[in-house]
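The values are calculated or read from the model by the stated rules, or taken from the named source; none is laboratory data. Predicted model only: the values in this text are computed from it and were never measured. Heads up, the Cβs are rebuilt from the backbone with ideal geometry, glycines too, and the neighbour counts pull from every protein chain shown. The accessibility values were calculated without ligands, DNA or RNA, using every heavy atom of the protein model including side chains. Shrake-Rupley method; radii C 1.70, N 1.55, O 1.52, S 1.80 Å.
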Amino acid sequence: MTARDLVLAWPEPAALWVEAAPVGNGRLGAMVFGGVERARFQLNDSTVWSGFPDGPARALADVRANGAGPARFAEVRDAVCAKDYRRAESLLMSFEGPYSQEYLPFADLWMSVDARSSSEYLGRTLNLDTGVVEERFTVDGQDVRRATWASAPAGVLCISMSTEEPVDLEISVSSPLRVLRRDGLSLELEVPVDGAPLHEPQVAEPLRYAGGSMDGYRPFATLAAALDTDGEVSENDSGVVVRGLRRLMVTVASTTSAWSPDTVPAARRAAAALARGAENLAREHEADLRALLGATVLRVGQRRAGTFDVAREVLSGKDERLTATVLFQFGRYLLASASRPDAGPPANLQGMWNGELRPAWSSNYTININTQMNYWCAEPAGLSECHLPLFDLLDRLAVTGRAVARDLYGARGWVTHHNTDIWGWSLPVGMGHGNPSWAIWMMGGVWLVQHVWDHYDFTRDAAFLRERGWPLLRGAAEFCLDWLVEGEDGYLDTLPGTSPENLFTSAEGRPESLTVSPAMDLALIHALFTRCLAALDVLGLDDPVRAEIERALPRLRPPGISAGGWLREWAEDLPEHDPAHRHLSPLVGVYPLGTLDAERTPDLAAAATRLLDRRGPGAMGWSWAWKMALRARLGDGESARALFREATRPFTGDPARNAPVDGSEWGGLLPNLFSTHPPFQIDGNYGFTAALAEMLVDSHGDVIRLLPALPAAWPDGHLAGLRCRGGLEVDLDWRSGEITALTVRRRGGDPARPVRVRYPGREAELTVSLGEEVRVC
């Protein structure tokens, strides 16, 4: 720990999961509860999912056998055009597969220190710059220190403990999964091959084990812990007992057969890490995480360093500037912990931390907003490498989704819908009874693939764009080209379409979801086509898809404005069933796509503001974050701040209960600063980081705008290493709302291209060479 570190503190051990402190290395994570007599480390491996590799293909075959396919889909389109919604929905139900699979808890490690006469817990801290949880307590009058971290270089979870006088303790491991074999601190586990979400209570067997291999796949996971100590070690029925120790080092590793079968057994990995020694493990971990997290820094106000009591200082509302500073770094820390290249799959609905066998919404990938929001902060907040696991999942979706596009819709390219999982689930979900408002949405891949362009746009890594990005973009564009149909007025439409999870009211007074050309569909396709053309120019490719896109792009149905003056959600001016709906789907062009703004599309930007006003405040974590980012993009810092203050209030309800559908119980922050829906969803945390960055630096288009949405209550601050589109980054200080220091540097892109920087009262045009920086003031 250094004097510049940002540290969170809790005086007591966690009594609840939502009070525990998270650590992770992209593959292995833990919720550290702390304590003396019964300390819990709840473990997750990000590759422990129910299901099996052939699950998506088998489900597609079942759906096809049920009659779904291009011929039936033509009937669906005819029914929607005739406004025969009951028939359209009835036909579409046959296109629904069962459900995507569940992200599951892995195991628990328990550490019990023998306090013969007395013990006192002195507190625990989480260092947001090093990712180390430190605990201090006394046992029989002796000081004990324990540190926990998840090392990416070593690929293990580490727990070290030291004391001046000898103490005794017991260590054990357990798992909520089926235990096949136990040997000291090692477990071999069977993983379910099917897991039903909580919203499908009629499933007879919510967690189903195969009892062996399935289609050549053996669903297993292995945990192994190794320890080094100066004490005397013996085994008992539940684990090991260590007597008379002054120092202890434990390393925990895992192996599964899911994401990419690990060729290194867990026991060997744990032992190899342990052999490096506690000091080397700690040094390598700290160097790795400091290099990643230290690349970008934000301070709102004057306090960035120090140890801050979470309840009394961060959640109390006494200093919102400190809260903003903490949440910016906390979101970065959580992404660096949950999403690392070559470690595991991307961050899911709970990042990588889950203690429930049936978590809310399966803790899967919900791709009509939530997975995308997880990665909004990756590029601007200096975590570009943490973006890469998302593209691994896209590679998988492009394979499974190509079969779905062909077999269900007779289309080229690839498609995915509302949910996906580690196996690349691409079908609609719903089990034949899911409402189309959430089950039938064909734009999931079209939105996800925008992240490919974002990664290129921030890094200007042409090799990435050529080798990984362009095939994904092209496949999504091919699907859209085949998906679009010509309307009576000559415009191209999507048919059918839904505006995710929202409804309109039909002429008969019924809530409906299926219609033609929701605003979000066309905004996503317009952005995709535009970016495909830009990618072709960058790569100098001669591809026949260019001509198709160039013919289609100007014919896309443009956004519309309702009679009330707000941006329309659907192609027609349909009455909204819920005018204050939590989703902001029609506004996707404002943020994150950046295709609508006050300079280029002033009328549409004004209409977007009116729709945002109509949606109102009050929401859950992710919706608050999106509203904040939208207000920032529209230059309204005061409204963004008001939303931030709402979103960062302590949540006082039941953190395990779903929010009522009437919105009477909205989210907030949990005791460990996790954002809640409720229940906990990590997209709010990641979204806050992205929204705070957008309030301070906006790099959409060809201009870097500094302090575009700075609230008056945040007059002073500092940021360094915030990334901008074009391969650029900026450092700046501001005092009394005015910029007092500004540096621009180039990490990539064309050094001959001028850099336009705009901030209150000034606009500058700079030339910045590759690898160099220019101090503006």
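Search the stretch 741-756 for residues being touching a Ser or Thr at 6+ places or on another chain (Cβ under 7 Å) and not in a strand (DSSP E or B), and hand back the single one that is surrounded by the fewest Cβ atoms within 10 Å (Cβ to Cβ). The qualifying residue surrounded by the fewest Cβ atoms within 10 Å (Cβ to Cβ) is P754.
Pairs are defined by a Cβ separation below 8 Å, a sequence spacing of at least 6 or placement on different chains, a first member in the stretch 86-102 that is in contact (Cβ under 8 Å) with a residue 12 or more places away in the chain, and a second member that is part of a helix (DSSP H, G or I) and of a type in the set (V, I, T); the pairs so defined are A88/V76; A88/V80; L91/V76; L92/V76; S94/V63; F95/V63; E96/V63; G97/V63. For P201, the conditions (1) modelled with pLDDT of 95 or more; (2) within 30 Å of the chain's Cα centre (by Cα); (3) of a type outside the set (S, T, Y) are fulfilled apart from (1). Taking A764 and the conditions (1) of a type outside the set (D, E); (2) more than 30 Å from D319 (Cβ to Cβ); (3) outside any strand (DSSP E or B), which numbered condition does it fall short on, given that it satisfies the others? Checking A764 against (1) of a type outside the set (D, E); (2) more than 30 Å from D319 (Cβ to Cβ); (3) outside any strand (DSSP E or B), the one that fails is (3). Every listed requirement among (1) surrounded by fewer than 23 Cβ atoms within 10 Å (Cβ to Cβ); (2) within 30 Å of I171 (Cβ to Cβ); (3) within 26 Å of the chain's Cα centre (by Cα) is met by Y121 save one, (3). Flag: A150 matches the condition of being crowded, with 21+ Cβ neighbours inside 10 Å, in contact (Cβ under 8 Å) with a residue 12 or more places away in the chain, assigned to a strand (DSSP E or B) and not β-branched (V, I, T). Among the residues of the stretch 527-560, those that are open to solvent by 10 Å² or more (accessible area, probe 1.4 Å), touching a residue at least 60 places away in the same chain (Cβ under 8 Å) and touching a Gly at 6+ places or on another chain (Cβ under 8 Å) comprise R555, R557.
Among the candidates S174, S94, S90, the residue that is over 25 Å from the mean Cα position of the chain (by Cα), among the hydroxyl-bearing types (S, T, Y) and over 30 Å from Q202 (Cβ atoms) is uniquely S174.
For the stretch 231-241, a tally of residues being in a strand (DSSP E or B) and either more than 25 Å from A154 (Cα to Cα) or under 40 Å from the mean Cα position of the chain (by Cα) (or both) returns 6.
Of all the criteria given as (1) surrounded by fewer than 24 Cβ atoms within 10 Å (Cβ to Cβ); (2) more than 30 Å from A305 (Cα to Cα), the one not satisfied by T366 is (1). Within the stretch 311-331, the set of residues being out of contact with any Ser or Thr (no Cβ under 6 Å at 6 or more places or on another chain), surrounded by 17 or more Cβ atoms within 10 Å (Cβ to Cβ) and among the aliphatic types (A, V, I, L, M) comprises L315, L322, A324, V326, L327.
Yes/no per residue for (1) open to solvent by less than 10 Å² (accessible area, probe 1.4 Å); (2) more than 24 Å from S257 (Cβ to Cβ); (3) among the hydroxyl-bearing types (S, T, Y); (4) not in a loop (DSSP other than H, G, I, E, B):
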| residue | (1), (2), (3), (4) |
| --- | --- |
| G51 | yes, no, no, no |
| Q101 | no, no, no, no |
| L109 | yes, no, no, yes |
| A115 | no, yes, no, no |
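Of note, G721 does not satisfy the criterion of being in a loop (DSSP other than H, G, I, E, B), touching an Asp or Glu at 6+ places or on another chain (Cβ under 7 Å) and in contact (Cβ under 8 Å) with a residue 24 or more places away in the chain.
The numbered conditions (1) touching a helix residue (DSSP H, G or I) at 6+ places or on another chain (Cβ under 8 Å); (2) open to solvent by 10 Å² or more (accessible area, probe 1.4 Å); (3) part of a strand (DSSP E or B); (4) not aromatic (F, W, Y) are all true for S162 except (1). Within the stretch 542-559, the set of residues being closer than 15 Å to E486 by Cβ and acidic (D, E) comprises E548 only.
Screening G401 against (1) closer than 22 Å to L427 by Cα; (2) open to solvent by 30 Å² or more (accessible area, probe 1.4 Å) leaves a single unmet condition, (2).
Where residues in the stretch 458-505 are in a helix (DSSP H, G or I) and touching a His at 6+ places or on another chain (Cβ under 8 Å), which of them is surrounded by the fewest Cβ atoms within 10 Å (Cβ to Cβ)? Once the filter is applied, the top-ranked residue is F464. Residues in the stretch 704-720 include at least one that is within 26 Å of R600 (Cα to Cα) and among the β-branched types (V, I, T). Examine the stretch 569-586 for a residue that is of a type in the set (S, T, Y), modelled with pLDDT of 95 or more, over 25 Å from R758 (Cα atoms) and under 27 Å from the mean Cα position of the chain (by Cα), and state whether such a residue exists. Yes, that holds for at least one residue. Just one residue in the set T740, T767 is among the polar types (S, T, N, Q) and without any contact (Cβ under 8 Å) to a residue 24 or more places away in the chain; that residue is T767.
Just for the stretch 757-777: of the residues that are closer than 18 Å to D698 by Cα and within 31 Å of the chain's Cα centre (by Cα), which one is most open to solvent (accessible area, probe 1.4 Å)? Among them, the one singled out is R758.
Scan the stretch 463-516 for residues that are of a type in the set (G, A, S) and out of contact with any Gly (no Cβ under 6 Å at 6 or more places or on another chain) and jot them down. Within the stretch 463-516, A463, G469, A477, G487, G490, G497, S499, S506, A507, G509, S513 qualify. Summed over the stretch 207-225, residues that are open to solvent by less than 40 Å² (accessible area, probe 1.4 Å), outside any strand (DSSP E or B) and either of a type in the set (D, E, K, R) or in contact (Cβ under 8 Å) with a residue 24 or more places away in the chain (or both) total 1.
Within the stretch 228-244, residues that are at pLDDT 95 or above sit with their Cβ atoms under 9 Å from residues that are open to solvent by 50 Å² or more (accessible area, probe 1.4 Å) and of a type in the set (A, V, I, L, M, F, W, C), at 6+ positions apart or across chains, in these pairs: D228/A275; V240/V233; V241/V233; V242/V233; R243/V233. Does the stretch 292-310 contain any residue that is at pLDDT 95 or above, open to solvent by 10 Å² or more (accessible area, probe 1.4 Å) and touching a Pro at 6+ places or on another chain (Cβ under 8 Å)? Taking every residue of the stretch 292-310 in turn, at least one turns out to be at pLDDT 95 or above, open to solvent by 10 Å² or more (accessible area, probe 1.4 Å) and touching a Pro at 6+ places or on another chain (Cβ under 8 Å).
Scan E284, E279 and give me the residue that is touching a strand residue (DSSP E or B) at 6+ places or on another chain (Cβ under 7 Å) and either open to solvent by 60 Å² or more (accessible area, probe 1.4 Å) or more than 19 Å from L722 (Cα to Cα) (or both).
Exactly one of E284, E279 is touching a strand residue (DSSP E or B) at 6+ places or on another chain (Cβ under 7 Å) and either open to solvent by 60 Å² or more (accessible area, probe 1.4 Å) or more than 19 Å from L722 (Cα to Cα) (or both), namely E284.
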